[in-house]
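This report refers to the structure that appears directly beneath it.
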Amino acid sequence: MALVASIYKGAFQLPEFSLKDAHGESHSLKGALGEHGLVVAFTCNHCPYAIAVWPRLVRHAATLKAMGINTVAINPNIHPDFPEDNVDAMREKLVEWGIDFPYLADETQEVAKAFDAQCTPDIYMFDKDGELYYHGRIDDYWKDEARVNTEELLPAAQALVSGEPAPQPQHPTIGCSIKWLD
């Protein structure tokens, strides 16, 4: 597990990358920007932290889309030692978890490295111009949604859409470390 602090002190622009989804269709990150922005979630299929927040991410993605903020999930754990995270398994999870936004495979881990992503899940929200607005957790209790006291991603999205400054502090995410190839 890794506790990840928000590392961006200045501006960080959404990098231009294209990745294939679980069905082999290519998606551009910048092309995925919604009217008001984009949430990029580094996640996977096997990590208990990621598994615990997937239902919230799927549900929040619908709320975010209605606000003009699109969502993409990126799996950086395409690793021979973790077959439960391979592209075939991703296709299964699309159905099992009802994922209705792009779930992309970062097979070279180039995108995760460009973001300096550290764990799964690791959540980034960009404004409509592709500038990082929020890097933090979904809420204050990853393990059990019934014990959440404070939502964090959705209020940050509401602030973004309203033109308000990014919320502070932005609490670090917690999750399984990315399974780096090298």
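Taken together, the values in this text are just the output of simple stated rules run on the coordinates, not laboratory data. Note that this is a predicted model, so its numbers are computed, not measured. All Cβ positions, glycine included, derive from the backbone under ideal geometry; neighbour counts span all protein chains shown.
Ranked by how many other Cβ atoms sit within 10 Å of their own Cβ, fewest first, the residues 161, 111 fall in the order 161, 111. In the range 98-182, a dipole from Cβ-located charges (positive for Lys and Arg, negative for Asp and Glu) runs towards its positive end, and of 132, 172, 99 it is 172 whose Cα lies farthest in that direction. For the options 65, 113, 93, a Gaussian network treatment of the chain with springs between C-alpha atoms closer than 10 Å singles out 113 as fluctuating the most.
Helix 48-66 and the long axis of the chain differ in direction by around 50°, with both axes built from C-alpha atoms.
Label reach from residue 59 (point 7 Å along Cα→C-beta): in the range 68-98, amide nitrogens under 17 Å belong to 97-98.
Annotation for residue 97 and residue 129: the two label points, set 7 Å from Cα along the Cα-Cβ direction, are 3.2 nm apart.
Taking only C-alpha pairs under 8 Å that are 6+ residues apart, what is the relative contact order of the range 2-177 in percent? All intermediate terms of the calculation are to be shown ahead of the outcome.
Details: 355 pairs, mean separation 54.0, N = 176.
The value is 31 percent.
Summarising the label geometry, the points placed 7 Å from Cα in the beta-carbon direction at residue 149 and residue 16 lie 4.6 nm from one another. Protection proxy ranking of 39-49, 78-88, 142-152, by the mean of other Cβ atoms within 10 Å over each peptide's residues and highest first, is 39-49, 78-88, 142-152. Taking the chain as a whole, the Cys residues whose C-beta sits 4.7 Å or farther from every other Cys C-beta are 44, 119.
Once you order the gyration tensor axes a ≥ b ≥ c over the Cα atoms, which shape class does the range 2-177 get: rounded for a/c under 1.5, otherwise prolate or oblate by comparing a/b with b/c? Rounded is the answer for the range 2-177, as its axis ratio a/c remains below 1.5. What is the distance, in nm, between label points placed 7 Å from the Cα along the Cα-to-Cβ direction at residue 168 and at residue 116? According to this spin-label approximation, the distance is 1.8 nm. Computed from point charges on the beta carbon alone (+1 for Lys and Arg, -1 for Asp and Glu), the dipole magnitude for the chain about its Cα centre is near 260 Debye.
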